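The values are calculated or read from the model by the stated rules, or taken from the named source; none is laboratory data. Predicted, not measured: the structure shown is a model, and the values here were computed from it. Quick reminder, even Gly has a Cβ in these numbers, built from the backbone with ideal geometry, and neighbours come from all protein chains shown.
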């Protein structure tokens with residue numbers, strides 16, 4: 001089922017029993033920020049990019065290595081090399097994503113990101129080494145920036161898909177089918193927002209964190225938070241701008257956010273992670289965040 005009606009969606013979701021075995025990835029993959037710079041094309045519709053700044057590539061690489069090391073304490077990590085010709089490749093989850101036995105390749109809006117989708121090494125790793133079936137959305141008409149636009153509650157096999165210039169109705173339907181979701185709620189993001197995963201995250205099917213001002217219709221985010229209550233946290237504007245909506249759970253006990261995001265959370269908001277059974281880990285990413293994404297955007301998931 002794919003719908004714009006929250007009542008219909010959550011009436012269905014209420015009967016989806018969470019499965020903790022499928023709630024978190026069995027491994028993750030990263031793409032190193034080699035020669036990382038600010039992509040002018042991406043800045044057309046990503047207001048989070050710090051275009052007045054420059055990125056120090058060596059500092060970005062050091063941050064990325066520290067992220068890989070921190071994640072590796074909880075989940076296997078594979079890091080692919082970066083390429084200065086694809087300066088946004090440090091955010092691979094928009095281009096490559098998985099469901100059990102399947103590699104999904106997104107249809108990116110901007111040519112600078114479309115080049116990433118052609119990488120034979122990442123495709124080959126999943127198809128030839130792991131034996132995954134490839135579902136290539138990069139040549140279908142709808143724009144579909146995968147788990148940037150589509151936040152998946154893997155425990156319930158349901159999705160939250162925000163429409164923007166990075167994802168349209170056709171792309172949402174294509175992703176719903178590619179990930180074989182039981183239900184997807186489609187909604188509009190607020191003007192100026194580009195990806196849902198900067199605004200919403202479901203941690204292990206147990207905790208929902210959302211930034212209400214990033215949704216066009218307040219009723220949608222209210223319904224999301226109500227469904228996940230009592231483990232549901234609305235965040236304010238300053239927390240959103242610090243990427244506090246852009247986190248990930250990589251085990252049933254470990255949740256990760258950028259250090260700036262954790263610093264922006266109140267004690268009660270940090271306590272919500274503890275109440276839901278998560279230890280919250282902070283990883284400093286000041287250079288990488290200049291490119292308009294944070295920790296969740298850096299992490300591709302292997303299911």
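One table, with the values for the structure above:
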item	result
Check on residue 70, part of a helix (DSSP H, G or I), touching a strand residue (DSSP E or B) at 6+ places or on another chain (Cβ under 9 Å) and either surrounded by 15 or more Cβ atoms within 10 Å (Cβ to Cβ) or modelled with pLDDT under 95 (or both)	yes
Checklist (1) in contact with a strand residue (DSSP E or B) (Cβ under 7 Å, 6 or more places away or on another chain); (2) assigned to a loop (DSSP other than H, G, I, E, B); (3) surrounded by fewer than 19 Cβ atoms within 10 Å (Cβ to Cβ) applied to residue 252, failing item	(1)
Residue 106, sole failed condition from (1) free of Cβ contacts under 8 Å to residues at least 24 places away in the same chain; (2) within 24 Å of residue 135 (Cβ to Cβ)	(1)
Residues of the range 79-102 satisfying the condition of being surrounded by 14 or more Cβ atoms within 10 Å (Cβ to Cβ) and closer than 17 Å to residue 302 by Cβ	79, 80, 91, 92, 93, 94, 95, 96, 97, 98, 99, 102
Number of the exception - residue 262 against (1) surrounded by fewer than 18 Cβ atoms within 10 Å (Cβ to Cβ); (2) more than 28 Å from residue 163 (Cβ to Cβ)	(1)
Pair list, Cβ < 8 Å and 6+ apart or interchain, from the range 262-276 residues that are without any contact (Cβ under 8 Å) to a residue 24 or more places away in the chain to residues that are assigned to a helix (DSSP H, G or I) and surrounded by fewer than 20 Cβ atoms within 10 Å (Cβ to Cβ)	262/270
Residues of the range 183-204 that turn out to be touching a residue at least 60 places away in the same chain (Cβ under 8 Å) and over 19 Å from residue 297 (Cα atoms), as a count	5
Residue within the range 119-135 that is assigned to a loop (DSSP other than H, G, I, E, B) and in contact with a strand residue (DSSP E or B) (Cβ under 6 Å, 6 or more places away or on another chain) present	yes
Helices (runs of 4 or more DSSP H) wholly inside the range 263-303 that include at least 2 residues being out of contact with any strand residue (DSSP E or B) (no Cβ under 6 Å at 6 or more places or on another chain) and farther than 21 Å from residue 26 by Cβ	267-275, 286-289
Answer from 181, 200, 235, 225 - the residue that is over 16 Å from the mean Cα position of the chain (by Cα) and closer than 20 Å to residue 97 by Cβ	181
Some residue of the range 84-105 being more than 20 Å from the chain's Cα centre (by Cα) and either under 16 Å from residue 285 (Cβ atoms) or at pLDDT 85 or above (or both)	yes
Conditions (1) surrounded by fewer than 23 Cβ atoms within 10 Å (Cβ to Cβ); (2) farther than 15 Å from residue 30 by Cα: number failed by residue 113	(1)
